Amino acid sequence: MAMRTNNNVHKPEFLKSIDLATNKAVLSPFFADIQNNYFILPGFCDVHVHFREPGFSYKETIASGSHAAAHGGYTAVCTMPNLNPVPDSVEHLKQQLDIINQDAVINVYPYGAITVGQNGQELSDMDKMATDCIAFSDDGRGVQSRELMRKAMLKAKSLSKIIVAHCEDNSLLRGGYIHDGEYAKTHGHKGISSESEWAQIKRDLELVRETGCAYHVCHISCKESVQLIREAKAEGLNVTCETGPHYLILDDSNLQEDGRFKMNPPLRSREDRLALIEGIKDGTIDMIATDHAPHSNDEKSKGLEKSAFGIVGIETAFQLLYTYFVKNNVITFERLIDLLCFNARKRFNIPLNDNDYTVWRLDEKITVNSDDFLSKGKAMPFENHELYGKCYMTVCGGKIAYKDNSIYIQEE
């Protein structure tokens with residue numbers, strides 16, 4: 001495929017009918033076939049990634065993470081605050097923003113922490129950070145104090161910001177590291193109960209009802225969470241949620257004694273997985289986020305018990321969901337684009353610029369090989385899976401963020 005350009009790549013005419021006020025594609029232009037089954041899609045948006053910088057650049061950097069995201073078709077991501085220093089003040093947040101401005105090849109929007117140092121003891125400087133962060137989260141840790149979460153919600157509401165919650169009740173963890181299900185019992189592992197997730201969601205929904213705060217739940221993984229959020233939406237609460245591709249495709253029957261299968265929350269039961277699929281079909285689950293969480297090879301090579309929590313996923317998310325759900329007629333292609341792009345942008349007020357797009361061949365088969373990843377992290381449970389879809393180019397703000405070597409860009 002050849003494309004003409006001078007220095008930047010300009011928006012193809014196929015995308016001219018995207019309504020930027022609503023971030024909706026008016027005439028489904030993402031079905032436009034350029035030639036030979038190349039398709040132009042709007043740039044995806046992931047509201048839950050870990051790019052690890054500042055503080056842990058041996059795992060990932062803004063540069064490597066944003067290149068990996070572009071390889072996956074993403075032009076916007078929101079980075080979580082478990083960094084060093086934690087972005088709990090304007091000064092700390094600025095350190096991350098300076099790196100983003102220098103090194104990012106796509107749009108990167110940082111979260112501010114809810115609490116100082118993510119320690120759950122006192123609120124961060126939310127007032128001063130509000131203009132420079134996308135929302136507030138202590139992702140990686142649940143806010144254990146009900147009263148502190150209530151104060152955070154009231155403050156976030158006054159600032160017109162969303163509270164983005166990692167829901168985990170520490171008192172219910174009991175040393176677990178995989179789902180408290182059949183695999184854990186059979187193989188002698190300590191399990192994490194589903195209640196550790198849904199009990200805190202239930203508490204937070206009560207606080208949303210009381211405060212009127214805009215609230216978003218990270219990476220839901222169990223059937224009870226789906227039902228709680230379904231009921232909250234029916235009640236009219238200002239609530240959205242996400243899940244990850246791995247929770248929709250795998251369950252604890254797929255576990256292996258390998259750190260590639262360890263993440264938090266863990267892969268749960270088949271019943272939970274089917275409930276999540278119903279949630280993406282009926283609209284209870286608003287968006288799919290990767291929770292892209294790179295670690296070093298050493299940190300992920302210690303088995304299920306001792307490996308670090310977290311897997312990478314931003315370079316394979318679209319192919320996984322397209323292969324397992326669109327091609328199998330579980331959801332429509334339009335629904336997938338909503339889940340990967342439009343719903344997240346609408347909820348978090350992230351614009352889709354008219355020069356943000358990505359070019360794919362949907363009929364091309366790939367075999368997942370982590371050696372091909374641009375991320376520093378390689379650990380993920382889909383190694384060697386055969387999937388459909390290959391990204392050939394991602395353009396952000398009119399500039400090429402990723403390009404396959406087979407694409408020829410002709411200078412005008």
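The values are calculated or read from the model by the stated rules, or taken from the named source; none is laboratory data. Small disclaimer: the values here were computed from a predicted structure and weren't measured. Here Cβ is always computed from backbone atoms with ideal geometry, including for glycine, and neighbour counts include all displayed protein chains.
I'd like the residue in region 217-275 that is among the basic types (K, R) and part of a loop (DSSP other than H, G, I, E, B) and, out of all such residues, is farthest from the chain's Cα centre (by Cα). The qualifying residue farthest from the chain's Cα centre (by Cα) is R268.
Among the residues of region 129-146, are any of a type outside the set (D, E, K, R), more than 23 Å from A344 (Cβ to Cβ) and outside any strand (DSSP E or B)? First the steps, then the outcome.
To start, the set of residues in region 129-146 that are of a type outside the set (D, E, K, R) comprises 129-131, 133-137, 140, 142-145.
From what's left, more than 23 Å from A344 (Cβ to Cβ): 144-145.
So of that shortlist, the ones also outside any strand (DSSP E or B) come out as 144-145.
Looking through region 129-146, at least one residue is of a type outside the set (D, E, K, R), more than 23 Å from A344 (Cβ to Cβ) and outside any strand (DSSP E or B).
Test D354 against the criterion of being without any contact (Cβ under 8 Å) to a residue 12 or more places away in the chain, among the acidic types (D, E) and not in a strand (DSSP E or B), and give yes or no. When the stated conditions are applied, D354 does not pass them. Does any residue of region 119-137 turn out to be within 21 Å of D356 (Cβ to Cβ), surrounded by 17 or more Cβ atoms within 10 Å (Cβ to Cβ), of a type in the set (S, T, Y) and modelled with pLDDT of 95 or more? Checked against the condition, which is being within 21 Å of D356 (Cβ to Cβ), surrounded by 17 or more Cβ atoms within 10 Å (Cβ to Cβ), of a type in the set (S, T, Y) and modelled with pLDDT of 95 or more, region 119-137 yields no hits at all. The set of residues in region 342-376 being touching a Phe, Trp or Tyr at 6+ places or on another chain (Cβ under 6 Å), under 23 Å from T61 (Cα atoms) and either surrounded by 22 or more Cβ atoms within 10 Å (Cβ to Cβ) or of a type in the set (G, A, S) (or both) is empty. Restricting attention to region 200-216, the residues that are outside any helix (DSSP H, G or I) and out of contact with any Ser or Thr (no Cβ under 7 Å at 6 or more places or on another chain) add up to 4.
Could you list all residues from region 136-160 that are of a type outside the set (S, T, N, Q) and on the phi > 0 side of the Ramachandran plot? Once the filter is applied, which keeps residues that are of a type outside the set (S, T, N, Q) and on the phi > 0 side of the Ramachandran plot, region 136-160 yields only G140. Each residue in region 141-198 was checked for being closer than 18 Å to G117 by Cα, free of Cβ contacts under 8 Å to residues at least 40 places away in the same chain and among the β-branched types (V, I, T), and 1 of them qualify.
Tell me yes or no: at least one residue of region 319-326 is buried (at least 21 other Cβ atoms within 10 Å of the Cβ), under 29 Å from N349 (Cα atoms) and out of contact with any Pro (no Cβ under 7 Å at 6 or more places or on another chain).
Yes: one or more hits.
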